[in-house]
Amino acid sequence: MQPIIVIPSRIASTRLPRKALAEIDGEPMIVHVARRAVAAGLGPVLVAAGDEEIRDAVAGMAGVKAILTDPALPSGSDRVQAAIEAHDPQRRHDCVINLQGDLPLVEPETLQQALRPLAEGRFDIGTLVAPVQGPEERDAESVVKVACSFQSDDDVARALYFSRSVIPWGEGVYWHHVGVYAWRREALARFVTLPPSGLEEREKLEQLRALEAGMTIGCARIATAPLGVDTPEDLARVRARVGEQPSCR
């Protein structure tokens, strides 16, 4: 595989406006995310910027190229597709890692794990899951849960459903979905042509469109979910923790 990492980012955000440019340890959040993507060493890193301010924030970063995308694009996946087609029309890169721009503490090694389902050859899309750590995380609507079942020592399992509700029913491990996707190029190109699906609109989860269209998603498990930033409280937690983790500067 010849991967490329694309980080879709835009200024508008419902719960935390301008979060991509929120200051963390003296730098915008998008800079932290892009730096960790470079540290993964998987391939080129693109920032699919929906706004000139985001493009300017990462200008001059080593190993990072910003591509300005149409601000009217409806989703991060559309932004990723636009950026990769502009950057690589010859299709030298056969898979794309879509890294959410609100994961400033993601471990670079974690991004490598997202490719494992694609390496197996039986999935259209790879993503990451981590065990839910407690009732608060389990019950939070902002934490997307995945119905998947790992057999014995397998590190990859098929995703059967995603929900903001607690799934599945019964005793056992609950899996927290981490917003990192590894797409085969042809799968991403097909996905962005599909209309929003019924379950996608009901749950407000884009990945359900892929499942409803018959696409397969493989989940690679990691030990812990990186802290994402959706709210001012999340941002405060990230700012408090950033000094506890090794710097990627």
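Every read-out reported here was derived from the displayed coordinates using simple, explicitly stated rules and does not represent laboratory data. Nothing here was measured: the structure is a model prediction, and the numbers come from that model. All Cβ positions, glycine included, derive from the backbone under ideal geometry; neighbour counts span all protein chains shown.
Dimensions of the chain based on its C-alpha atoms, expressed as ranges along the principal axes with the largest first, amount to 49, 43, 33 Å. Given the C-alpha centroids of region 68-97 and region 225-242, what is the distance between them in whole angstrom? Centre-to-centre distance over Cα atoms comes out at 27 Å. For I97, the residues whose modelled amide H falls within less than 5 Å of its own, excluding neighbours fewer than 5 places apart on the same chain, are I4, I5, V6, W183. Of the GluC sites (Glu not before Pro) in region 98-170, the ones in a loop by DSSP (not H, G, I, E or B) with at most 13 other beta carbons within 10 Å are E141. For region 4-91, the set of trypsin sites (Lys or Arg not before Pro) satisfying both a DSSP loop assignment and a count of at most 12 other C-beta atoms within 10 Å is given as R15, R91.
Think of the chain as having a plus end and a minus end, set by charges on the Cβ of Lys, Arg, Asp and Glu; of L227, V58, P168, V58 sits farthest toward the positive end of this dipole.
Under 1.5 on a/c is rounded, so check that first for region 1-104, then, if it is not, pick prolate when a/b is larger than b/c and oblate when it is not; a ≥ b ≥ c are the square roots of the alpha carbon gyration tensor eigenvalues. It comes out oblate by the Cα gyration axes. Under 5 Å between amide hydrogens, built in the peptide plane, is the criterion, and for E206 it picks out nothing among residues at least 5 positions away or on other chains.
Simple rule: put +1 on each Lys or Arg Cβ and -1 on each Asp or Glu Cβ in region 1-104, find the dipole, and look at M1, Q100, A34; the Cα lying farthest toward the positive end is M1.
Annotation for region 99-123 versus region 4-44: alpha-carbon center distance of 15 Å. What the phi angles of region 128-142 give under the Karplus curve with 6.51, -1.76 and 1.60, with θ = phi - 60°, is a coupling list of 10, 9, 9, x, 5, 8, x, x, 5, 5, 4, 8, 5, 5, 6 Hz, glycine and proline written as x. Each Lys and Arg adds +1 at its Cβ and each Asp and Glu adds -1 at its Cβ; summed about the Cα centre, the chain shows a dipole of about 360 debye. Add +1 for every Lys or Arg and -1 for every Asp or Glu among the other residues with Cβ under 11 Å from the Cβ of P232, and state the total. So the environment of P232 carries a net charge of +1. Report relative contact order for region 1-104 in percent, whole number only (criteria: Cα-Cα under 8 Å, sequence separation at least 6). The normalised contact order for region 1-104 reaches 40 percent.
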